[in-house]
Structure formats: structure tokens, C-alpha cells
1. Roughly how large is the B-A contact in terms of buried accessible area, totalled over both chains, probe 1.4 Å, nearest 100 Å²?
2. Where in chain B are the DSSP H helices whose C-alpha atoms run 20 Å or more along the long axis and whose mean Kyte hydropathy is at least -0.5?
3. If you build the Cα gyration tensor of region A:208-286 and take the root of 5 times each eigenvalue, what three semi-axes come out, in whole angstrom, biggest first?
4. Set the Förster radius R0 to 51 Å, insert the Cβ-Cβ distance between A:THR56 and B:ARG63 as r into 1/(1 + (r/R0)^6), and round the FRET efficiency to 0.05.
5. In 5 Å bins starting at 0, how do the alpha-carbon pair distances of region B:263-378 split up by percent?
6. Rounded to the nearest 500, what is the 222 nm mean residue ellipticity of the protein assembly as shown from helices alone, with -39500 (n - 2.57) per DSSP H run of 4+ residues and division by all residues?
7. Taking beta carbons within 10 Å but only from partner chains, what does the mean come to for residues A:256-266?
8. With a ≥ b ≥ c taken as the square roots of the eigenvalues of the C-alpha gyration tensor of region B:24-70, please select rounded if a/c is under 1.5 and otherwise prolate if a/b is larger than b/c or oblate if it is not?
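The values are calculated or read from the model by the stated rules, or taken from the named source; none is laboratory data. From a predicted model like this one, the values you see are computed outputs, not experimental measurements. Note: ideal-geometry Cβ built from the backbone for every residue, glycine included; neighbour counts use all protein chains shown. Heads up: the accessible areas ignore ligands, DNA and RNA and are worked out on the full protein's heavy atoms, side chains in. Shrake-Rupley method; radii C 1.70, N 1.55, O 1.52, S 1.80 Å.
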Amino acid sequence: MQYQSPASIDEAVAALATIGGARVLAGGTDLLVQLRSGSASPAAVIDIKNIAGLRTISETAEGFRIGAAVSGAEITDHEALVRAWPGVTEAAGLIGSTQVQGRASLGGNVCNASPAADTTPALIAARAVAEIIGPGGRRSIPVEQIATGPGKTSLASGEIVVSFLLPKRPARSADAYLRLIPRTEMDIAVAGAGVSLTLNEDGTIADARVGIGAVAPTALVLDGAPGILVGTKLEDAVLEKLAQMAGAAARPIDDKRGTIDYRRKVVGVLAKRAALIAYERAKGAR
Amino acid sequence: MTYEPKSLKVVGTRPVRHDGPDKVTGRANYASDFTLPGMLWGSILRSPHAHAKVISINTDKARAHPGVKAVITGADLPLPPPGVTQAGESAINTQHLAKNLLARDKVFYDGHPVAAVAAISEAIAREALGLIEIEYEVLPHVIDVDEAMKADAPLLHDDLFTEGVEPRPETPSNIAKRIVVSKGDIEKGFAEADIVIERTYTTKAVHQGYIEPQGCVANYAEDGQAMVWCSSQGQFVIRDLCITMLGMEASSLKVIPAEIGGGFGGKTTVYLEPLALMLSKASGRPVKMTMSRGEVLRATGPHSGSSMTARIGAMKDGTITSAEVVIKFQAGAFPGSPVGAAVMFCSAPYDIPNLSITGYDVVVNIAKVHAYRAPGAPNGAFAFETVLDELAHELKMDPIDFRAKNSAVEGSKSPYGPTYGPLGGIECLSSAKNHPHYKVNLGPNQGRGVASGFWINIGGQSAATVVVNRDGTISLVEGCPDIGGSRASLAMMCAEVLGIAAEKVRPSIVDTTAIAFNDVTGGSRVTFATGIAVVQATEDAVRQMRERAAKMWDIDVDQVGWRDGAAQEMNGNRSLTISQIAQKAAKTGGQIMGHASINASGAGPSLTTHLCDLEVDRETGKITILRYTAFQDAGKAVHPSYVEGQMQGGVVQGIGWALNEEYIHDENGRLENAGFLDYRMPVASDLPMIDAVIIEVPNPNHPFGVRGVGEAPIVPPLAAIANAIYDATGVRMRDLPFSPPKVLAALEAAEKAKANG
Ligand SMILES: Cc1cc2nc3c(=O)[nH]c(=O)nc-3n(C[C@H](O)[C@H](O)[C@H](O)COP(=O)(O)OP(=O)(O)OC[C@H]3O[C@@H](n4cnc5c(N)ncnc54)[C@H](O)[C@@H]3O)c2cc1C
């Protein structure tokens, strides 16, 4: 197996395009596990951690741009980002443990395409856009369009996600992410929910977006959520409807980690609770 | 040796453990840290089936691989003569062990070894496994213990006839043994009771979960002399099992103990060592073998899953009149579960006039179970202590008062025979009742559970040598691997007798050729039994030093006392320190070395009571442990930090067992969660600080009053947590583990039942 550590995106794209079966290596917290267990044996790994642009967080007129290989610890250390996107950053901070945090990236989390990836529902709720560079040039797609099934993505051969753009947004906006795991860390979500809200001055919800995870082959956008939430102040009946909608949208499986019935219920509970947290945060947000 | 109260300078203090720095800096050498020149890598081919006939094995292609230096199968390991080897808490049947090491005509579980290879690299060894062709005929399997006991269950062994029933059954079954403990007349007892409660419980197989997987290096020389480096709970049991398997002489095999990364009972037997020796013999090269976590979970000692029914009766005043318990344990592929301990000890904290407790040892298609911390006792206590909680509620009695009213005390007859000596049960209960923890108010969805536990503790064979160095330091030589701070405790007892600082005594655990046979580190025996050997060996050294001082002063030895690390002239004020005596040793009769080799009896049982506060998330079923306090009789805490550490560790393992740990098999009997992601042991952030309250009711049979402490703390948590869940929610959960989906389902079922009136 070859290891390459290019210094530019172009070099990385070229390497990926020329070596058949090469894989991108970011933090390696998914990929190295797969190599060791024998479930992946690529001809080459292309380490993108030495590509400067992939390791930075910047704030521009468009919003926050997070390099695809930035680690969870770097994300949760970035005060302005945490203030603007408490939900996305708490999702990134939930991955693994202190050790894993030093390496795990958003790009790896999203592109590994696990249905249970923690940042994906939060990024979906945040309307994050993935910026991709490949042999065919540059393109941008909403985050929910990357994973197409467990372990499968829409990325073409040679394509690399270079960054995620979290759009600028109005005052009184905030997000939240919650997941359920039987433990408190080092575990995989049984269900997860990300909620992003913008409030009117009177406290009613002006804009809402909800993503749910671990309850279908990919994370899902809860399309009907704005229809339930906008115009309300998250009254109990509204929350109940949200919970029901999340449960109904879920297409979970029965496995050793949870039953279908359990996952449907819990994803509703998490959506409800995340909405309440986002709402409280949005009230105070500038 | 008997207990005498004395003023102590070292015992009871908290020095830095001797092995601590090496462990925190990473210098300590564990099993897989050893490497020899020319070493090969061994790897094991394991059955993918839970139960199958082995029709044929073809190893030709693997042998033809240029990197492969040896291949072995069951045919290369003849069955040893029948016999049973005692390994701490487990009795090991030698023929079953051989069949477990390498399967013959049948495989009995997913992960059962079928062949092993040694190759020049780990990768080639693994590749070679893929070249071995095995034809199986898959048989129906059975894993659940109740299912396995049914007459039409798939039969594992056609030569297994239930022991312990008269007359001996005429047909074979999966029930290897029936054990009964009884006293009085239970039906008469139940007739006297005002209230009788009967409940059924189930638990799943769980694993010891030691962090260090099994590993070893073996080197078998042309002249038949061999060495094994491995981590285990007893280098002598490893040696004895290996020589029994391979027909070697004891003096031909030297087993060198590595530092051990956890054992909890699971490292008192062999899985790799005999195979590594065989591969080394066949290849003429040293062979290293290490297990992956998946292999550890699939093929090394889980602890039995169980099914239990407990029926207990009490009078209105709280007196328990009768108890009947039936306990069925999974034994795994071969007989020998620890059901006996569950039978003997589930009611042992109490003095109950009428008892009938029956245990069944049942073979099923999982790995042969092996000892796990207080083997069997937590299961029994789970059933017994939760029925007690229900009785206390029905009787409107405080659960601690109810237990105290029925507690066994000194002079009570134990359910398993002997009459108890001094016992700390009442002291634990009253300490719990008076503790601030018991008085804290709880919020909504929070609950508190109480449960007690008992572990018998054992003595056994131990040896120790105390070598006096010229500079007055001491080399303490012993033979029991240190799994819980025993080096520190033993050195402290040696230092106490000598009257010097613990740091001046350097303990080391030596190989099988450097000290007499020692039983395994198990049964919470080392601080007790090896402690006695150390005290005797130290006293032997002190006696010799007094003699040397007498010689140097030219007075009678009776005139020489010993205090604060020095010989003291009784009728004068001369004194000689250890180093002053040691430096003259060559001239006064040679080097000074104290020695003792004993078989200790009189280990005092350890009793314990736990308080657990938890909160239940009613919408997700997730349980958070809020506060946990363990009260335990240690007899005497030699090094209180390590007693607390044992109590905390046992509690944490119990919490994991209660909340999430379980073996999950698919419909083909394959283990679905053979890794720490889905075999969910607790992580540090799951737990509050576990508070440990040490009670000291001295054991009369140890010079400092020591009782074993390592195992008792895992006994009460299952019941304490079940009882706390009831207190929080009003729902009784009786099937482990209490994982979020199961808790939510139970809460919803209770709601439904309520709604339906
Ligand atoms: C102990 C442990 C605990 C964990 N806990 C969690 C958890 O709580 N929640 C959770 O969601 N995950 C968890 N994970 C999984 C993993 O840590 C995360 O998915 C992490 O975000 C992956 O990031 P990485 O940079 O390490 O990815 P890598 O392993 O480097 O890559 C993952 C995959 O994505 C591809 N890839 C990476 N970057 C790019 C890119 N920029 N463009 C295209 N493809 C790319 C790689 O080729 C590979 O297929 C855990 C893993 C471990 C080992």
C-alpha cells in the first residue's frame, strides 16, 4: 500500500485520479479502523492533512468556511464559530473521545457516509454546502447530497470535499444537535437530531430546518418541519407534532443497537429536545 | 497465624505503589512486549459455526506456503489422561481443556480453534489461515440456558449424563450437573410466612473485559526445555496446564510472568500457550501469539448467562422464614460453570432457617465460561436481593433494617456448611444507614437502591522469600501476579514486620523456577494468603538477624529484640540496623534470607452493602448513575487506596453488567458484538465518583486481620440498580441488561398496564 502526502489540492486530485482504488485519508479515525479490520485495502492512501487550505476555519462575507480536514478539537476551540453554530460545533465535539477529537474531521465524518455520523444531521439543519474539487473542476452541493447509502457517496472518482460553508444568517438564530448513545462517549448514535432556528422579534419561529440521523440509510432532511414550526413558539402540541413527524419520517432497522420502534420514538424525543435547546439559544443570539 | 491488635506504622498508610511509575510511563512489559530473535507469529483458525461436525481438514496449501513454518490441528494434540486441575476458583477438566484448545471431530462455538499456524510474519500467518480447507456439517445449536435444558434441545455431548441426580439419567443431556444446598424444611417455612414472593430473572453472558488481550511468546528447545512469557493470573497454573497438555516435566518448562493488564478471573487458564509451544516445537523457532479483541470476546471465558427463580417468605415482623432458589447457568461448550457459588452464596449474608437452593450447570454453544470476579455470586445476588427489596416494600420496612434483622452474624451457620467467625455484615448495613448518602433527597425520576453481597474469599498455597541486601534494603520475592496492588500491600506487610519504610522493600514476582508453587491470583486470596507467607518469611529473616546480632554482640539471642528496623539489645542500649547486620553477614554465617511456603486457611468472608442513586430518562429509557457508595468489610485495609480501587472497580464492572453488557448472537449463533463498540463496558464519563467506605472487622486468621476484598464489590450492583430503577419508576425489571431500549419498553408496558386498569 502506498502513502502519499501531497501539499496541494491539485496534486491530491491528480494522485486520486491516477492510482486506481486510492482513498483519501484525513484524520484516519474511520479509515485506519477499516484498514486494520481488513474491511478496506486500498492501493494507496492520499493524506490531505498537509494541504494548508483544508486545515483552516475562516469567516467571510458568505459565512464560515471550515476546511474538510479540520479536526473536531480545532472546531470546538474556535470561539466565533461556536457562538454562531453551537449545534454544528457540539456535533463535531461529540465524535469519539479526547484522543479521537484531535484527528476526526467533518470531511471524514460526512464522506465515511455512516448513517449514524453525528455531524451530518447538524450540517443538514445548518444548510451547509460542501465544496468539492475533482478532475472535472469545482462544484458545490448541499451536505445531504453527499451520502447516498451506508458507506456510499455521490463523489465521483478523484473528487475531494475541500470545505463546508455555513451560510451567514440573521440575528436570533441558533442550532442544536442531540444524539442518543447508551454510554456518554466512544459510542455510535442510535438516533440523532439537529435543529436550526431563526426567531422573529416576538419570539415566534421565522425559519426552521431539521435533520435526523441513524434512523435511515442516510441522514434525512425533515421536509415538513418548517410547516409545523414556523410561526409557533414551540408550544407542547407543536413539539409533539415534531416528534411524531420525525418518528414517521424515520426508516430505521432492527439491530443489536436498537429496535425499529425504539429508534422511531427516540428520534422524535431528540428532535423535540434539540428544538427546545435551539430555541433557547436563538432567543439570546445576536 | 492469628490476629493481634497492634500499633501500625506502615500497614494502613498509602505509599506510592512500587509498580506505579513503570505503568504510568509505559515502561512496564506486558505479554505482547516480548520479542526474541528469529521469532515467528502464530495465528489461529477458528470455527465460524456455533455447532458443527468437522468432516475434514486439509492443511496442505497452508504448509506449502513458503512463509509458513508450522501448522497444527487437533490431531497433533493427543488427549491427556483424564483429570481435574484446580485453578483458583475454577476446576479445569484436562480433556475438555485439550478439546477447547483445538477442536477435534466437533466444534462447539463460534470462535472454537480448529487449527493454528506459525509464519514469518503476522500477515502471512493470517493469509495462511485462509489456505486451510475445512469441511463442516453444520448442526443445530442452542445458546439460551432454558432452551438447552429442554429434552428436545440440540445435544452438545452425547456422553454427558447429569451428575448429582439419583439415579443417574439413562440418556445424555446438556445438563452437566445439579447442585443442591438445603437446610430445614422450606414448605414449613413458607407456611409460617405472612408474605411470599416468587420472581424469575434472566441474565446474559458477559465478559471479564480485561484491557490486555491474551498473548504469549513460547520457545521450545531441541533438548525439550521450554520457556513461555505470558501474562496470566498464575505462572504456575500456566505451567501445570501446559505440561499436562503436552506431557512435559514440570522442570522442563519455565513460565515467566509478564505484567498483566487485567484478568478478573479470565486469565487463570490457557488458550494460547500450549499452541505456541507446539508451534515452537514443530518449527524450532520462538513463536509469538496474541489475540485480537474479537478473539478475546468470541473464544475466552465469558461468564455464564443465567435463568433464576427465587421464592422467599417473611413474617410481618420482617423475619425471613424460608427461601427456595433455582439457578441455571450457561457453562459454555464444556461443563464447569460457577453455578455452585451462586447456590452457596446468594443467601449467605442472611441467617435463614429453611433453605433449598438448586443449581444447574448446562452446556451451550458459546465459549467455555471461565471465572469472572466473584464467579457466579452476582447472578444469585441479583435474584435474591431484588426479591428482598420487594419483600421490604410489601412489609413497609426500610430495606436496610429488613436486611439487618435477618443478617448472619458470628456463630450463624452458613448455607454452605461452616459456622461463621466474625463477620462485617451488620457493620456495613449500619454504616450505610447512617451515611449522608442515605439521607439525600431524590428528585423526580430518581431512585435509590440498596443491595448486599457476600464473597467467601480463599486461602491456598503461597510462598515468599525475603532477601536482605547489604545496604539494608529488602528484595521481596513472590509468585502471585499483581492484578490489584498486591505488590504494594505485600511489601508493606514485610516493611511493617521489619520496622522500615515500604519503599525499602522491593517486591518482584518471579518465574516458575525461582520460587515454590503458588496458587493463582484469584479468590481474593493474595493479600490474605501470600500476605501470611510474607509475614512468616519476614519473621524468619528477623529471627536470623537477631541471631546474627547476638553473635556480633556475643550474647544470647533471647537478649536481642527487634524494633524499627534494627536489632535491639534488651538489657543495654546497643542496636544494629539491618544494613549493619547484613554487611557482616558473610562473617556471621552467610547471607540472610527468610523463607515461608504455606497453605493458608481461614480466609474471612467479605460482606458488603451498596447504595445506588440513579435517574431514568422516561422518554429514552437511558439510565444515569448519580451517586454510588459501597460499604465493605476489608478486615484490615493494608493499603486503603487499593482497597478503595478494588471496591470502585468491582462496582463499575457491576454497573456495566447491569446497564449494557451482554453477549448478542445472531440466528446462526455467531457473536454479533465481538468488540468494545457494541460490547458496551462503561467509560469513565458514564460514572460518578464511586465512594468507598471501608469497614474493618478483623479476620482472626491473619496477622493484620486482612480479608480478601477484590471480588465482593461486584456482587451487589445488579440488584442495587434494579432496586433503584423500581424506586425511580415503580417498574420492576428482571431481565438484564437494563439497556435504554429495554427500559423504555418496560416503562411503556407498565403505562399500558396501568391504563388498562
Ligand atoms: C473510537 C472512535 C469513536 C468514534 N466516535 C464517533 C462518534 O461519536 N460519532 C461519529 O459520528 N463518528 C465517530 N467515529 C468515527 C470517526 O471518528 C468520524 O466519522 C470522523 O469524523 C472521521 O473523520 P476522519 O478525519 O478521521 O476520517 P478518515 O478516517 O480519514 O476518513 C473517513 C472516510 O472519508 C473519506 N474522506 C475523508 N476526508 C475526505 C474528504 N475531504 N473528501 C473525500 N473523502 C474524504 C476517507 O477516504 C474515508 O473513506 C468514531 C471513531 C472511533 C475510532
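1. Values: alone 28110 and 12690 Å², together 38960 Å².
Result for this pair: about 1800 Å² buried.
2. Values: long enough: B:377-394 (25 Å, 0.07); B:531-553 (32 Å, -0.30); B:640-659 (28 Å, 0.20); B:740-755 (22 Å, 0.04).
Helices meeting the criterion: B:377-394, B:531-553, B:640-659, B:740-755.
3. On the way: eigenvalues 114, 28, 25 Å².
Equivalent ellipsoid of region A:208-286: 24, 12, 11 Å, largest first.
4. On the way: r = 56 Å, r/R0 = 1.09.
So, using R0 = 51 Å, E works out to roughly 0.35.
5. Here the calculated profile for region B:263-378 is 2, 11, 16, 16, 13, 11, 9, 7, 5, 4, 2, 2, 1, 0, 0.
6. Values: 31 runs with 305 residues, N = 1043.
Helix contribution divided over all residues of the protein assembly as shown: -8500 deg cm²/dmol.
7. Values: counts 8, 8, 4, 4, 0, 4, 8, 1, 0, 7, 8.
Mean shielding count: 5.
8. Numbers: a/c = 5.61, a/b = 1.67, b/c = 3.35.
In terms of gyration-tensor shape, oblate.
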